[in-house]
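FYI, it's all coordinate maths here, none of it is from the lab. Being a predicted model, the structure only gives us computed values, none of them experimental. Cβ: placed from backbone, ideal geometry, glycine included. Neighbour counts: every protein chain shown.
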Amino acid sequence: MEVENFLSDGEEQQIIEAIIKAESHTSGEIRVHLEKGLDKDPIRRAEEVFYYLGMDGTENQNGILFYVAVDDHRFAILGDQGIDRVVPDDFWESIKDEVIEEFKLGDHAKGLVKGILHAGQKLKEFFPVDDEDKNELSDSISKRH
């Protein structure tokens, strides 16, 4: 499957709207990255993409990346140090399971939206938005072909 065909334009918009909604209650930052395939463990690749997208530069170290290798049917979720220190041990695995459950049903957009909103709720709990908050990272879906 081509990266461009993984999500329809409407589905991409739903995901961007979920990111905006999730981030409206938190200083945290959420990104989604799609790419064709990978030649290493998805967590290792997600770490590379995390740094490439500048997600390690958020003020509170509270960025979350949803990484999808389209052709390889691989998914990873990665949080920065700030959020990783405060969430429960099973947090990342529970979101990953939620997303993959929808992926298996063929609904990629629904899986990502559910995961993003779930992550946003936890970010809100630990990193509530304040008057000084600014959107530090793009809400768009990044892609590599």
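Counting only Cβ charges, +1 for Lys and Arg and -1 for Asp and Glu, the dipole size of the chain around its Cα centre is about 260 debye. In the range 1-116, Cα pairs under 8 Å separated by at least six residues give a relative contact order of 28 percent.
A dipole drawn for the chain from +1 and -1 charges on Cβ atoms has a positive end, and of Val86, Pro42, Gln61 the residue lying farthest that way is Pro42. Computed over neighbours whose Cβ is under 12 Å from that of Ile141, the net charge equals -4, Lys and Arg +1, Asp and Glu -1. The angle between the Cα long axis of helix 91-104 and the main principal axis of the chain comes to about 30°, on a 0 to 90 degree scale. Among residues other than Glu17 with Cβ under 12 Å from its Cβ, the summed charge is -3 (Lys and Arg +1, Asp and Glu -1).
Available extension along the chain between Asp9 and Val86 is 24.3 nm, counting 0.36 nm per residue and deducting the alpha carbon span. Considering only Cα-Cα distances, which of the following residue pairs are longer than 21 Å: Lys40/Lys96; Lys36/Lys96; Lys21/Lys104? Pairs exceeding 21 Å: Lys21/Lys104.
Net charge near Asp71: determine it from the other residues with C-beta under 10 Å of the C-beta of Asp71, scoring Lys and Arg +1 and Asp and Glu -1. With Lys, Arg at +1 and Asp, Glu at -1, the neighbours total -1. For the pair the range 64-92 / the range 13-49, the C-alpha centres are spaced 8 Å from each other. In the chain, the longest principal axis of the Cα atoms and the axis of helix 9-23 are about 20 degrees apart.
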